[in-house]
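All of the numbers you see were taken from the coordinates with simple rules; none came from a lab. Remember, it's a predicted structure, so these values are computed and weren't measured experimentally. Note: ideal-geometry Cβ built from the backbone for every residue, glycine included; neighbour counts use all protein chains shown.
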């Protein structure tokens, strides 16, 4: 089944600005469901959705689960640890077995870039990419954009700087594709060792100093320093990284304007971001979490063929 987004959501690079705005607009009425006493509508009753996670990710998996259950879908969680995957079953075998069980959608998270596309080409069910390698994490990009749009309104001309380990970040790539399509000015900031080669080709500005990024930006999206990768010598030490690139209150106090602070989580407090910033008045990190469920509800609804104009009715449980 294909909706206004097509059959699958594999990334933001293939989407138009209109499709991205459609998801954000559809997420707004769904967000209100989470604020009600009964947090459920029958929109996807009878649909079976499999969460196929080859990488551990508590936050993303739980967010998708909440979204699915609030739409009344039946959900099945498959983690690679303890499954046939850990015994050597290939992604193709897994796909064929899932299809044989007559499921409707698969949410996949995988360490290999392109895994979601590989799966989508081999099954008729809708596929949602919950993060593939260092490629994309489209629902995170969408929830970041919804959080920014809530505060700024129109994103055209807004200056958003992505700070930290851009090299390994699928979140960064989805943000860059999405934000530039909506007309924002996007920059990246971090050690050169943690920035991709030719990153400028993606249409972004590059800052080598966090102070310069703070002076330029309207919002900072601070990426997690992936500690498991840092053993390879990308940075001298965590303390040195915090000293040179850490987002601290002392640095923010010198900004010419109040900056919004985002972080896709999980956070390394005292490394890429200090606690008083993460918990401070300009942080919208918890808003991101709330928006994550709403955006994922919108994506599932639209992929299932839901009509954008009926999202309000779906919120009331009549569509």
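Miscellaneous remarks
- Nearest 10 degrees, 0 to 90: helix 170-181 Cα axis against the chain principal axis: 90 degrees
- Relative contact order of the chain: 24 percent, from C-alpha pairs under 8 Å at least 6 residues apart in sequence.
- In degrees, nearest ten, helix 17-33 long axis to first principal axis of the chain (Cα): 80 degrees
- Between 0 and 90°, nearest 10: helix 285-303 axis offset from the chain longest Cα axis: 30 degrees
- Remark: spin-label model distance residue 276-residue 21 equals 4.1 nm, labels positioned 7 Å along the Cα→Cβ axis.
- In terms of the mean number of neighbouring beta-carbon atoms within 10 Å, the peptides 147-155, 6-14, 298-306, 96-104 order highest first as 298-306, 6-14, 147-155, 96-104.
- Using 0.36 nm per residue and subtracting the Cα-Cα separation, the extra length available between residue 239 and residue 156 on full extension is 26.3 nm.
- Pairwise label distance in nanometres, residue 72 with residue 249, each label 7 Å out on the Cα-Cβ vector: 4.8 nm
- A simple spin-label model places the labels of residue 202 and residue 13 1.0 nm from each other, with each point 7 Å out along Cα-to-Cβ.
- Taking other C-beta atoms within 10 angstrom as a stand-in for reagent exposure, 139, 290, 94 fall in the order 290, 94, 139, fewest first.
- Stretched out straight at 0.36 nm per residue, the stretch from residue 92 to residue 37 would grow longer than its current Cα-Cα span by 15.6 nm.
- Structure-based [θ]222 nm, the chain - -39500 (n - 2.57) summed over DSSP H runs of at least 4, per residue, nearest 500: -11000 deg cm²/dmol
- Centre-to-centre, using Cα atoms only, segment 5-73 and segment 201-245 are separated by 30 Å.
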